[in-house]
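This report refers to the structure that appears directly beneath it.
The values are calculated or read from the model by the stated rules, or taken from the named source; none is laboratory data. Just so you know, these numbers come straight off a predicted model, no measurement behind them. Note that we place each Cβ from the backbone using ideal geometry, even for glycine, and neighbour counts take in every protein chain shown.
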Amino acid sequence: MTRRHFTLLDRVLVDAQNALGTVFGGVRAQRPNPGLERPDVVLDPGDRRHAAGLMRINHVGEICAQALYVGQAAVARDPATRAQLLAAAEEETDHLAWCAQRLRELDSRPSLLNPLWYAGSYAIGAVAGLRGDGWNLGFVVETERQVEAHLDEHLQTLPEADLRSRAIVTTMKADEARHAEQALARGARELPFPVPSLMAAASGLMKLIAYRI
C-alpha cells in the first residue's frame, strides 16, 4: 500500500475538521468512560453546580490540550515528535468525551467560549512548536504538569459523593502524568522563566471564567 503524503492544504483541512469536532462535540471516546463504573448519586443543587463548574473547567482544559497538541504537531520538524503529539491528542479526545458526558449527566453544558479557547490554544501551540522539537516537548511537559496539579485540586474539592466525576478526574490525572514522562523521555527541554509563570496565569484566568461561562 502506498503511503500518502499530506500537502499543506490537506493538513489545513484535517486541522479544521479536528477543530470543528472538538469544539462542537463531534468526538467519541476510544476507551470506556471510567465514571460509568461508579453509581450516579443524586447530588444536592449546590454540590451539583460546583461539580458541573469543575467538570466544565476540565472540559475546557481538554479543548485547549487538543488545540495545543494539534498546533504543535502542525509545525513539528521530527515525524516521531509529530506522531507522539497526535497520539497524545487522540488520548485527550477520551477525556473530552468523558467530561462532556458527565456535564450532561449533571444537567449542565460546556463553556460557551470553546471556539475562543481552541483558537487561542492552537495559536500558542503553533508558536511554541516553531521554536523546535525540544522546546515543543518542553511545552508539553509544563502543560501536563500544570493540568495534573489542577486535577489534583479538583479531587480535593469535588463533592465526596460525586464518584463518577472523581473516577474521570483520577484517570485523566494519570494520563497527563504519563504524557509528561513520555515527552521528557524524548528530550524535552525545560522552559525558561517566565514562560511557566505566564502559562499558570493564563490557566488561572481560564479556570475562573470557565467555571461560570
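Tabulated results
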{"quantity": "Test: residue in segment 180-188 that is more than 19 Å from residue 101 (Cβ to Cβ), of a type in the set (Asp, Glu) and over 15 Å from the mean Cα position of the chain (by Cα)", "calculated": "yes"}
{"quantity": "Lone unmet requirement of (1) part of a helix (DSSP H, G or I); (2) over 26 Å from residue 163 (Cα atoms) for residue 146", "calculated": "(2)"}
{"quantity": "Selected residue (only one of 97, 149 is surrounded by fewer than 21 Cβ atoms within 10 Å (Cβ to Cβ), of a type in the set (Gly, Ala, Ser) and in contact (Cβ under 8 Å) with a residue 60 or more places away in the chain)", "calculated": "97"}
{"quantity": "Residues of segment 190-201 classified as part of a helix (DSSP H, G or I) and either in contact with a Ser or Thr (Cβ under 9 Å, 6 or more places away or on another chain) or in contact (Cβ under 8 Å) with a residue 24 or more places away in the chain (or both), total", "calculated": "4"}
{"quantity": "Residue among 185, 167 that alone is of a type in the set (Gly, Ala, Ser) and at pLDDT below 95", "calculated": "185"}
{"quantity": "Residue in segment 36-61 that is modelled with the lowest pLDDT, counting only those that are outside any loop (DSSP other than H, G, I, E, B) and among the charged types (D, E, K, R)", "calculated": "37"}
{"quantity": "Filtered residues of segment 170-201 (kept if of a type in the set (Gly, Ala, Ser) and under 10 Å from residue 140 (Cα atoms))", "calculated": "180, 183, 188"}
{"quantity": "Every residue from segment 154-189 that is free of Cβ contacts under 8 Å to residues at least 24 places away in the same chain and not acidic (Asp, Glu)", "calculated": "155, 156, 174, 178, 185"}
{"quantity": "Positions within segment 62-87 being outside any helix (DSSP H, G or I) and touching a Gly at 6+ places or on another chain (Cβ under 6 Å), in sequence order", "calculated": "76"}
{"quantity": "Lone unmet requirement of (1) in a loop (DSSP other than H, G, I, E, B); (2) at pLDDT 90 or above for residue 102", "calculated": "(1)"}
{"quantity": "Only one of 174, 167, 201 that is touching a Pro at 6+ places or on another chain (Cβ under 6 Å), aliphatic (A, V, I, L, M) and surrounded by fewer than 20 Cβ atoms within 10 Å (Cβ to Cβ)", "calculated": "167"}
{"quantity": "Only one of 204, 187 that is of a type outside the set (Ser, Thr, Tyr) and assigned to a loop (DSSP other than H, G, I, E, B)", "calculated": "187"}
{"quantity": "Residue check, residue 103 under 17 Å from the mean Cα position of the chain (by Cα), closer than 17 Å to residue 141 by Cα and free of Cβ contacts under 8 Å to residues at least 60 places away in the same chain", "calculated": "no"}
{"quantity": "Residues being exposed (fewer than 15 other Cβ atoms within 10 Å of the Cβ) and modelled with pLDDT of 85 or more - total across segment 4-35", "calculated": "3"}
{"quantity": "Residue check for residue 140: buried (at least 18 other Cβ atoms within 10 Å of the Cβ), among the β-branched types (Val, Ile, Thr) and over 24 Å from residue 51 (Cβ atoms)", "calculated": "yes"}
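Residues are listed down the side, and each one gets a yes or a no for (1) at pLDDT below 90; (2) assigned to a helix (DSSP H, G or I); (3) within 30 Å of residue 48 (Cβ to Cβ):
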| position | (1), (2), (3) |
| --- | --- |
| 128 | yes, yes, no |
| 134 | yes, yes, no |
| 154 | no, yes, yes |
| 159 | no, no, yes |
